[in-house]
Structure formats: structure tokens, C-alpha cells
Amino acid sequence: MHIDQTQLDQYRDNGFLVLEGFADPAACDRLRARAEKLVQEFDPAEVVSIFSTREQNRLTDEYFLTSGDKIRFFFEENAFNADGTLKYAKEKSINKIGHALHDLDPLFDRFSRNDNVKALAQAIGLEKPLLVQSMYIFKQPNIGGEVTCHQDSTFIYTEPIDIAGLWFALEDATIENGCLWAIPGGHRHGLKSRWRRTNEGRMEFETYSSEPWPESELVPLEVAKGSLILLHGLLPHRSFENRSSRSRHAYTLHLIGRDAKYPTDNWLQRPVNKPFRSF
Ligand SMILES: O=C(O)CCC(=O)C(=O)O
């Protein structure tokens with residue numbers, strides 16, 4: 001895997017870079033099969049945690065806030081009937097699995113720490129980065145929820161800001177099934193807010209700019225299965241609902257610079273005996 005200077009310049013200028021054919025389609029299929037098995041083994045009765053990017057629903061969700069070193073399952077917001085029963089089968093109702101697949105599942109571990117990922121991290125200046133978060137995102141047919149416009153550094157904040165998101169398309173991602181959209185160059189306007197833990201242990205947004213996102217500048221990033229979208233931590237991006245009959249599975253990984261300070265008031269924390277690891 002080699003990325004050239006033109007691609008590095010694109011990443012620097014736009015705040016994102018699309019690398020087609022980064023992952024082998026067979027490797028994508030293996031991740032899909034593994035996620036399917038994890039879902040089969042998961043008993044939804046264990047927990048009913050409705051994931052929503054509309055933050056109020058997350059504020060007191062201990063299940064979410066303690067998932068940084070676990071493999072946990074989060075449902076689509078629209079997955080439930082009014083009586084709390086699932087509208088669709090369990091495997092069609094889960095929004096995502098997070099947030100330590102890369103450490104706890106051997107297949108996701110190997111995929112996340114392969115030589116191409118290492119070389120890419122190095123190329124963008126992340127020498128021996130720490131792998132802090134992974135998510136398997138289903139974007140289910142018909143009910144796949146939107147992810148509102150955000151910067152990843154709002155949720156995974158470091159000082160200085162030194163974070164990259166790697167978004168692997170495990171299936172073709174199109175406008176119809178809810179591909180990513182991004183604001184080219186939007187990473188150059190600073191951090192808009194931080195989601196941080198208060199002294200009382202609640203999560204709240206600390207806002208630095210109340211300017212709305214210039215969403216008319218969003219461009220769709222339609223990509224084929226196996227593509228990787230590299231995202232700067234300050235890049236505003238989002239995805240719309242999936243109302244199509246096709247899913248849009250993706251695997252995401254977040255890397256931070258080894259020397260950046262990772263504050264204790266970020267939501268995602270690790271116990272001392274399970275620290276973040278590099279490659
Ligand atoms: O996959 C998606 O729909 C959105 C993912 C995303 O924005 C993120 O992980 O930061």
C-alpha cells in the first residue's frame with residue numbers, strides 16, 4: 001500500500017481521502033460473516049439500548065458510556081414498536097457494534113492492525129498511533145438512522161488534535177443506502193464542540209462555535225465495497241437515513257497520535273489494566 005504526494009495533498013486540503021480497493025473484498029466478507037455471528041450470539045433481552053445520535057438519548061446511557069473496552073450492541077432508534085418489541089428481526093435492528101472490536105475480536109484485531117493500515121497511518125504522520133475505537137455500522141435497510149453532521153474530535157478529543165478516522169466500506173455505499181457526506185476543507189475551521197464529562201459525571205456539550213454547519217457544501221462520498229475513506233478528526237461529515245432495501249455495512253476505526261494528550265473527561269475511557277494499544 002502506497003499513498004502518493006498528490007493523495008496526501010488531497011487529504012491535507014479536503015480533510016478526507018478516498019482510497020478505492022484498499023481492502024480485499026474477501027476480507028470485507030469475512031468481517032461481515034463475523035459480525036453476523038456476533039449478532040446471532042447476542043441476546044437482545046440482555047439490554048435495550050436505543051442508539052441515537054440525537055444526544056439526549058445517550059446522556060444517561062451507561063451501557064454506551066462503559067462500552068470503550070467491550071463489544072456491545074446498539075439498536076436503531078426506529079427498531080422498536082411502541083410496546084418495546086422489535087419491529088424487525090434482531091439482525092435487521094442493530095445500528096452498530098462498538099467500541100473495542102479491534103482489541104477483543106481476533107479477526108477485527110488482524111484487520112485493524114494489518115500492514116496496509118500501518119503504512120497508511122505512517123504516511124499521514126501517525127507513527128505508532130493508538131487504536132482507540134472501532135465500530136461495525138450496519139445502516140440497516142428501511143430503518144437505518146441518520147448520523148447528524150459532526151466532527152469526530154467532538155467525541156474523541158486530544159491535545160493537540162491528532163486523530164484520524166478510517167471508514168471501510170464493507171458494501172457499496174451510495175446516496176440511496178446512506179453513504180457518507182463531507183464538507184471539503186471543513187476541517188480548517190476549528191473544533192465546534194466537545195462532548196465531555198462534567199465533574200458530576202454527566203456528559204454535556206461544550207460549545208466553541210454556534211455557527212450552523214454549511215450543509216449546502218456537503219458532497220456525497222459514494223464508494224465501492226473495499227474502499228477506505230480517511231477522515232481528519234476535524235472534518236464535518238454525516239450520513240442520511242437509509243430508506244432503501246439495501247444495507248450499507250461499514251467498519252470504522254479511530255487512531256490517535258501516541259504523544260497526544262487523551263483527557264480523562266472524554267466519554268471513551270479504558271480501565272488501567274486495558275490501555276489503548278498500537279499496532
Ligand atoms: O457510517 C456512518 O453512517 C457515519 C459514521 C460516522 O460518521 C462516524 O463514525 O463518525
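The values are calculated or read from the model by the stated rules, or taken from the named source; none is laboratory data. Everything numeric in this text was worked out from a predicted model, so none of it was measured. Positions of Cβ are generated from backbone atoms using ideal geometry, with glycine treated the same way; all protein chains shown enter the neighbour counts. Please note that ligands, DNA and RNA were not included when accessible areas were found on the heavy atoms of the full protein model with its side chains. Shrake-Rupley method; radii C 1.70, N 1.55, O 1.52, S 1.80 Å.
Summary table below
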{"quantity": "Number of the condition not met by L131 [criteria: (1) surrounded by fewer than 18 Cβ atoms within 10 Å (Cβ to Cβ); (2) within 15 Å of the ligand (Cβ to nearest atom)]", "calculated": "(1)"}
{"quantity": "Test: residue in segment 206-217 that is open to solvent by less than 10 Å² (accessible area, probe 1.4 Å) and either more than 22 Å from A123 (Cα to Cα) or assigned to a strand (DSSP E or B) (or both)", "calculated": "no"}
{"quantity": "Enumeration of residues in segment 169-204 that are within 16 Å of the ligand (Cβ to nearest atom) and over 21 Å from Y11 (Cα atoms)", "calculated": "L170, E171, D172, T174, I175, E176, N177, G178, S193, R194, W195"}
{"quantity": "Candidates N199, N142 - the one that is farther than 30 Å from A260 by Cα and either crowded, with 19+ Cβ neighbours inside 10 Å or at pLDDT below 95 (or both)", "calculated": "N142"}
{"quantity": "Number of the exception - V223 against (1) exposed (fewer than 14 other Cβ atoms within 10 Å of the Cβ); (2) hydrophobic (A, V, I, L, M, F, W, C); (3) over 21 Å from G98 (Cβ atoms)", "calculated": "(1)"}
{"quantity": "Any hit, segment 176-184, residues being open to solvent by 20 Å² or more (accessible area, probe 1.4 Å) and within 22 Å of F138 (Cα to Cα)", "calculated": "yes"}
{"quantity": "Some residue of segment 232-251 being within 19 Å of Y157 (Cβ to Cβ), more than 20 Å from the chain's Cα centre (by Cα) and open to solvent by less than 90 Å² (accessible area, probe 1.4 Å)", "calculated": "no"}
{"quantity": "Members of segment 185-196 that are touching a residue at least 60 places away in the same chain (Cβ under 8 Å) and open to solvent by 30 Å² or more (accessible area, probe 1.4 Å)", "calculated": "R188, R196"}
{"quantity": "A123 being under 21 Å from L8 (Cα atoms) and among the small types (G, A, S)", "calculated": "yes"}
{"quantity": "Within segment 145-161, considering residues that are touching a Gly at 6+ places or on another chain (Cβ under 6 Å) and within 12 Å of the ligand (Cβ to nearest atom), the one least open to solvent (accessible area, probe 1.4 Å)", "calculated": "S153"}
